[in-house]
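Colleague: Below is one structure. I have some questions about it.
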Amino acid sequence: MTEYTSILTSTRGRVGWITLHRPEALNALNSTLVDELAHAASAFDADDAVGCIVLTGSEKAFAAGADIKEMEGKSSRDMAMQNPFVGLEAFSRVRTPVVAAVAGYALGGGCELAMTCDIILAADTARFGQPEITLGVIPGLGGTQRLPRAVGYYKAAELVLTGRMMDAAEAERAGLVSRVVPAADLLAEAEKVAETIAAKSLPVVYAAKEALRASLETTAAEGLRFEKQVFSSLFALDDQKEGMAAFREKRSANFTHR
Ligand code: CO8
């Protein structure tokens with residue numbers, strides 16, 4: 001097992017867990033944390049025994065953004081040459097679905113990190129926002145792109161231009177989070193969702209995520225063509241035969257996960 005300093009990892013059943021763990025800085029994303037996050041996620045992604053990843057933080061903070069103290073003195077050249085985003089970009093490209101379980105602050109890069117995941121479950125304590133404008137910068141990891149797609153241009157513009165935070169109920173109404181649960185139930189609910197996904201056929205889950213991602217990256221016409229091709233190709237898998245036979249025989253499907 002790799003030793004990490006800023007995250008905790010574990011596996012329960014077919015679910016891989018990553019917990020952001022910099023309590024002294026509300027899980028601010030410094031370069032060590034980002035490298036570890038990318039490493040842990042790609043290790044889970046390469047492991048057939050993991051069918052879903054849960055990403056969470058602490059009760060007080062999912063992540064309060066990029067580490068301002070680490071960024072403050074950097075030059076534009078440093079930012080371009082060091083590319084502090086590279087680990088988060090790698091994280092956003094894992095094939096395995098990721099459930100973000102958000103309690104407390106998800107601000108700036110923390111909100112953006114949640115938006116790289118596939119499902120966002122929020123505790124009733126969660127608060128989301130893009131406060132970068134207050135620091136004299138703008139979001140740098142998708143806040144100006146993924147947030148408008150999630151909540152619509154006008155709400156995203158208000159959040160990005162003012163830095164205002166929204167609470168969990170507002171985030172749910174806006175379509176950013178799929179469900180709000182009592183804080184005490186957050187991890188159990190995330191585990192249930194992740195176990196449900198991890199019980200499905202892994203190659204089919206990868207295909208579903210890839211087709212969903214196409215909806216964010218291509219035109220509707222291209223996305224529909226892609227979906228049709230992927231749908232047809234799945235009929236080459238044993239798991240399609242097994243899933244449909246199980247329906248006919250009125251039993252649960254026994255997928256191969258490979
Ligand atoms: N960076 C570094 N340290 C932080 C951060 C942060 N983002 N957030 C909190 N901390 C530290 C505080 O400095 C404090 O440390 P110390 O005790 O040593 O002073 C400790 O965490 C606890 O924080 P507070 O005392 O401030 O806790 P409060 O409960 O009073 O306030 C808040 C909580 C409201 C969340 C407050 O901490 C805050 O406003 N934090 C900053 C939020 C923010 O502006 N985030 C955006 C950062 S910029 C960004 O994310 C750009 C993303 C671009 C992509 C990134 C690629 C790597």
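The values are calculated or read from the model by the stated rules, or taken from the named source; none is laboratory data. Predicted model, so just to flag it, every value in this text is computed and none were measured. Heads up, the Cβs are rebuilt from the backbone with ideal geometry, glycines too, and the neighbour counts pull from every protein chain shown. Calculation scope for accessible area: heavy atoms of the full protein, side chains included, ligands and nucleic acids excluded. Shrake-Rupley method; radii C 1.70, N 1.55, O 1.52, S 1.80 Å.
Colleague: Does segment 7-17 include one or more residues that are surrounded by fewer than 18 Cβ atoms within 10 Å (Cβ to Cβ) and under 21 Å from T134 (Cβ atoms)?
Modeller: no
Colleague: Can you find a residue that is without any contact (Cβ under 8 Å) to a residue 40 or more places away in the chain and among the hydroxyl-bearing types (S, T, Y) anywhere in segment 50-57? Spell out the reasoning first.
Modeller: Here is the first cut: in segment 50-57, the residues without any contact (Cβ under 8 Å) to a residue 40 or more places away in the chain are none.
No - not one qualifying residue is present in segment 50-57.
Colleague: I've got another one for you. Can we say D48 is over 26 Å from V204 (Cβ atoms), of a type outside the set (A, V, I, L, M, F, W, C) and away from the ligand (no atom under 11 Å from the Cβ)?
Modeller: On the way: over 26 Å from V204 (Cβ atoms): no; of a type outside the set (A, V, I, L, M, F, W, C): yes; away from the ligand (no atom under 11 Å from the Cβ): yes.
No.
Colleague: When segment 15-33 is examined, which residues are found to be within 18 Å of V98 (Cα to Cα) and either more than 16 Å from the ligand (Cβ to nearest atom) or among the polar types (S, T, N, Q) (or both)?
Modeller: Result: V15, G16, W17, I18, T19.
Rundown of residues vs (1) in a loop (DSSP other than H, G, I, E, B); (2) open to solvent by less than 20 Å² (accessible area, probe 1.4 Å); (3) within 16 Å of the ligand (Cβ to nearest atom); (4) under 19 Å from G143 (Cβ atoms), yes/no style:
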residue	(1), (2), (3), (4)
D35	no, no, yes, no
V54	no, yes, no, no
E59	yes, no, yes, no
D78	no, no, yes, no
P84	yes, no, yes, yes
A106	no, yes, yes, yes
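Colleague: Does E72 satisfy the criteria of being surrounded by fewer than 22 Cβ atoms within 10 Å (Cβ to Cβ) and either of a type outside the set (K, R) or within 12 Å of the ligand (Cβ to nearest atom) (or both)?
Modeller: Details: surrounded by fewer than 22 Cβ atoms within 10 Å (Cβ to Cβ): yes; either of a type outside the set (K, R) or within 12 Å of the ligand (Cβ to nearest atom) (or both): yes.
Answer is yes for this residue.
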